[in-house]
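Notes for the one structure printed next.
The values are calculated or read from the model by the stated rules, or taken from the named source; none is laboratory data. In this text the structure is predicted, and so the values were computed from the model without any measurement. FYI the Cβ positions are ideal-geometry reconstructions off the backbone, even for glycines, and counts take in every protein chain you see.
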Amino acid sequence: MGTIILEAHLSDLHLPKKQQPQITTLEITPQLQPTNPPTTPETKPQPDTRRDSGVGIAQTQTALLITPARTYQLTTSFPVPAALAPGEVLIRTRAAGLNHIDWKSVEHNFCLPALPWIVGREMAGVVEGVGAGVEGAKRGDRVWTSTYYKDRRAGCFQELVVVPEHTVSPVPRNLDFAAASCLGVGGLTAAMTLWRWLGLPMHPPAVEGESRQAILIWGGSTVTGQFAVQMAAHVGWDVIAVCSDRTADLVRQLGSRHVVTYSGKSDREIVDEIHFLGQGRIAKAIDLVGPKTARVVLDVIARVGGVVDFAPLAFMSSREVIPASARVHNVEMKQFVLDTTSEVYARRLNELVESGVVAIPKLRVIQGLESVEGGLKQLKEGDLVGEKLVVSISV
Ligand SMILES: NC(=O)c1ccc[n+]([C@@H]2O[C@H](COP(=O)([O-])OP(=O)(O)OC[C@H]3O[C@@H](n4cnc5c(N)ncnc54)[C@H](OP(=O)(O)O)[C@@H]3O)[C@@H](O)[C@H]2O)c1
């Protein structure tokens, strides 16, 4: 069988340089050939640990493939990884979250190391088996995880997912699988952006400070924004959130002290409004919408005067002129998988959810992997009014 050379036009993506994948030419072998790269290249395959309870599992599974033509194709005969490396956990998917990165990577041809590939970055399910040395998870545990695109076995739109142990967390007692499946992207991105990159505290201060600092969250009604609003408000920060008229009540209820609606206003008017509400106290900012709004956030920062830490989470042009007072942080969610110490963020997120401090966004649940392609189209069209799309998979 021959090999297809596919040219990827990365310049069309308008991604900041750092976010542009280095590969511009992909070699694709047009056959459904499972490559199951171990989490670390040096790990050797181990004996079959999938049946550590004595109960056998099938050798094939249902998976949603991204084909060499970058179309979606459901297959019922995709191989289940034959063995687990030390430290790995095999999870049976019960629900998976749908995210913009899933359709964007297919449409714009990035984060697809080979084809066919399996996308999907977050899921919740039941532990089916564990590799040598795994102590924190056992067969039958209800867990959720957040995954990294480089391992096809970790793509969440398949029935059985393999991930490293430190990325696996118990499903909070008050959540079902569908609700837990959206912790891995929206929840964890909000958590790590605030705590790791922007430096907000993970716990409320013992004594409430007199002059409260403010954080600007542009896109307060986005799924990620809803988590961020609640977490920032919980530690005593004044949240100034930007959203539409239709989601303003939701964003207020989540704990935003100030809600700035953008509907019918010019950028200049919005900047003035935020500046007035912030009263010079804005010290952190997040953008969850895109390059245009990231630009407006930079205008706000230029007006503030003092240093503002800024996380543009939904792309910012590399050509932007950055005000001297802006400290721009490149949030890399892959660090959750690559840096094992990051599990502390998932643990704290779980505490906040289980204690009821952080509520899960309203869910819109679709059924079966066959519904994912349509779901991703809906997500792209963007009319979910603050709801989170997840796919439920029955066993
Ligand atoms: N870097 C990362 O690791 C990372 C992780 C997670 C998400 N992201 C990115 O962050 C973005 C948000 O993701 P998400 O899944 O949380 O989004 P989402 O829930 O799909 O957000 C959709 C919402 O955005 C709001 N919106 C649209 N235009 C807006 C504007 N001009 N100003 C304010 N709000 C606006 C709309 O609500 P209204 O009715 O309020 O307008 C809409 O309901 C995406 O671009 C995603 O790729 C990046």
Exercise for the section: Determine, yes or no, whether Ser181 is more than 9 Å from the ligand (Cβ to nearest atom), more than 17 Å from Ala294 (Cα to Cα), out of contact with any helix residue (DSSP H, G or I) (no Cβ under 6 Å at 6 or more places or on another chain) and among the polar types (S, T, N, Q). Expected result: yes
Exercise for the section: Report whether or not Ala190 is free of Cβ contacts under 8 Å to residues at least 60 places away in the same chain, within 11 Å of the ligand (Cβ to nearest atom) and either touching a Ser or Thr at 6+ places or on another chain (Cβ under 9 Å) or not in a loop (DSSP other than H, G, I, E, B) (or both). Expected result: yes
Practice task
List the number of the failed condition for Asp339; all other conditions in (1) surrounded by fewer than 18 Cβ atoms within 10 Å (Cβ to Cβ); (2) assigned by TED's automatic domain parsing to the domain that holds Val242 hold.
Solution key: (2)
Practice task
Considering (1) touching a Gly at 6+ places or on another chain (Cβ under 7 Å); (2) touching a residue at least 60 places away in the same chain (Cβ under 8 Å), say which one His166 fails and leave the rest.
Solution key: (1)
Fill in the blank from the handout: Just one listed residue, out of Arg364, Arg348, Arg319, Arg327, is surrounded by fewer than 20 Cβ atoms within 10 Å (Cβ to Cβ), part of a loop (DSSP other than H, G, I, E, B) and basic (Lys, Arg), and it is Arg319
Problem - Complete set of residues in segment 226-250 that are of a type in the set (Val, Ile, Thr) and over 20 Å from the mean Cα position of the chain (by Cα) - result: Val235, Val239, Ile240, Val242, Thr247
Practice task
Say whether the condition of being more than 16 Å from the ligand (Cβ to nearest atom) and either in a strand (DSSP E or B) or basic (Lys, Arg) (or both) is met by at least one residue in segment 100-113.
Solution key: no
Problem - Residue check for Val134: among the aliphatic types (A, V, I, L, M) and touching a residue at least 60 places away in the same chain (Cβ under 8 Å) - result: no
Fill in the blank from the handout: For segment 114-140, the count of residues that are basic (Lys, Arg) and within 16 Å of the ligand (Cβ to nearest atom) equals 1
Exercise for the section: Among what's in segment 214-232 and is in contact with a strand residue (DSSP E or B) (Cβ under 7 Å, 6 or more places away or on another chain) and more than 11 Å from the ligand (Cβ to nearest atom), pick the residue that is nearest to Asp299 (Cα to Cα). Expected result: Leu216
Handout entry: Filter result for Arg173 (in contact with a strand residue (DSSP E or B) (Cβ under 6 Å, 6 or more places away or on another chain), of a type outside the set (Ser, Thr, Tyr) and in a loop (DSSP other than H, G, I, E, B))
Key = no
Handout entry: Any pair with Cβ under 6 angstrom, 6 or more apart, that starts in segment 254-267 at a residue that is touching a residue at least 12 places away in the same chain (Cβ under 8 Å) and ends at one that is assigned to a strand (DSSP E or B) and buried (at least 17 other Cβ atoms within 10 Å of the Cβ)
Key = Ser256/Val239; Ser256/Ala241; Arg257/Asp238; Arg257/Val239; His258/Ile240; Val259/Ala241; Val260/Val242; Tyr262/Val242
Problem - Single match in Asp249, Asp287, Asp299, Asp309 (criterion: within 16 Å of the ligand (Cβ to nearest atom), acidic (Asp, Glu), out of contact with any strand residue (DSSP E or B) (no Cβ under 7 Å at 6 or more places or on another chain) and touching a residue at least 24 places away in the same chain (Cβ under 8 Å)) - result: Asp299
Problem - Test: residue in segment 201-213 that is more than 8 Å from the ligand (Cβ to nearest atom) and crowded, with 20+ Cβ neighbours inside 10 Å - result: no
Handout entry: Matching residues, segment 367-392, being assigned to a loop (DSSP other than H, G, I, E, B) and either outside the structural domain of Leu98 (by TED's automatic domain parsing) or within 16 Å of the ligand (Cβ to nearest atom) (or both)
Key = Gly382, Asp383, Leu384, Val385, Gly386, Glu387
Exercise for the section: Answer yes if at least one residue in segment 58-73 is surrounded by 24 or more Cβ atoms within 10 Å (Cβ to Cβ), over 21 Å from Gln378 (Cα atoms) and either within 16 Å of the ligand (Cβ to nearest atom) or β-branched (Val, Ile, Thr) (or both), and no otherwise. Expected result: no
Exercise for the section: Would you check which residues across segment 233-244 are within 16 Å of the ligand (Cβ to nearest atom) and under 20 Å from Val304 (Cα atoms) and list them? Expected result: Val239, Ile240, Ala241, Val242
